[in-house]
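Structure first, commentary second.
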Amino acid sequence: MTIITVNAPTGRLGLEQRRELAETLTDAVLVPEVGQPAPAARAGFQVHFTERRRDMMAIGGRLLSDAGQELDVMVIDIAVMDAAWQPDVRAQVIERVLAALAAACGLEKPSPTWWVNFRVIDEGSWGSSGGVLSVLPLLDSGVFTEERVKAVRAALGGA
């Protein structure tokens, strides 16, 4: 289970950009998480787009609406289930997310004012369908590569 929330100024992302990002941001996290582009795993990923008026966002202590220039500010929050999220895998996800944003926005490289938060939700702290969820039953679903299954089990203490 993964939730990606894109916070951007109102109107920054058009409908076609959101359509593209719905897919590419999912892939940016899904592939490192399960080890492959597994179509069956896609249902466990949500992308939310939140727009904020420019007078409801600030950078450097100034409201965007008062900054006198068009600052390109976005914050992307990624919440994932506890699994094998070593620093190199987190870095891969963050880089892939920023690259997907740049591509959707028609830019050669991401803006330095786009920030990504990567949060791991502790085992036993994620719920849906009337109960608590765990990554452990998902390991036998066939969507994870064997390498990722071993990494997740090792990260969760051999579970």
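Quick notes
- Within region 7-35, the set of residues being touching a helix residue (DSSP H, G or I) at 6+ places or on another chain (Cβ under 7 Å) and within 30 Å of residue 134 (Cβ to Cβ) comprises 21, 24, 25, 26, 28, 29, 30, 32, 34, 35.
- The one condition in (1) within 18 Å of residue 114 (Cβ to Cβ); (2) assigned to a loop (DSSP other than H, G, I, E, B) that residue 37 fails to fulfil: (1)
- Test: residue 71 is open to solvent by 40 Å² or more (accessible area, probe 1.4 Å), outside any helix (DSSP H, G or I) and within 25 Å of residue 24 (Cα to Cα): yes
- Test result for residue 81, in contact with a strand residue (DSSP E or B) (Cβ under 9 Å, 6 or more places away or on another chain) and open to solvent by 60 Å² or more (accessible area, probe 1.4 Å): no
- Region 84-128, residues that are surrounded by fewer than 17 Cβ atoms within 10 Å (Cβ to Cβ) and among the acidic types (Asp, Glu): 88, 95, 108, 122
- Answer from 121, 94 - the residue that is touching a strand residue (DSSP E or B) at 6+ places or on another chain (Cβ under 7 Å) and within 17 Å of residue 21 (Cβ to Cβ): 94
- Members of region 41-68 that are open to solvent by 40 Å² or more (accessible area, probe 1.4 Å) and outside any strand (DSSP E or B): 42, 43, 53, 54, 55, 56, 60, 61, 65, 66, 68
The values are calculated or read from the model by the stated rules, or taken from the named source; none is laboratory data. Predicted model only: the values in this text are computed from it and were never measured. Counting neighbours? That spans all protein chains shown, and the Cβs are built from the backbone with ideal geometry, glycine included. Areas reflect the complete protein model, heavy atoms only, side chains present, ligands, DNA and RNA absent. Shrake-Rupley method; radii C 1.70, N 1.55, O 1.52, S 1.80 Å.
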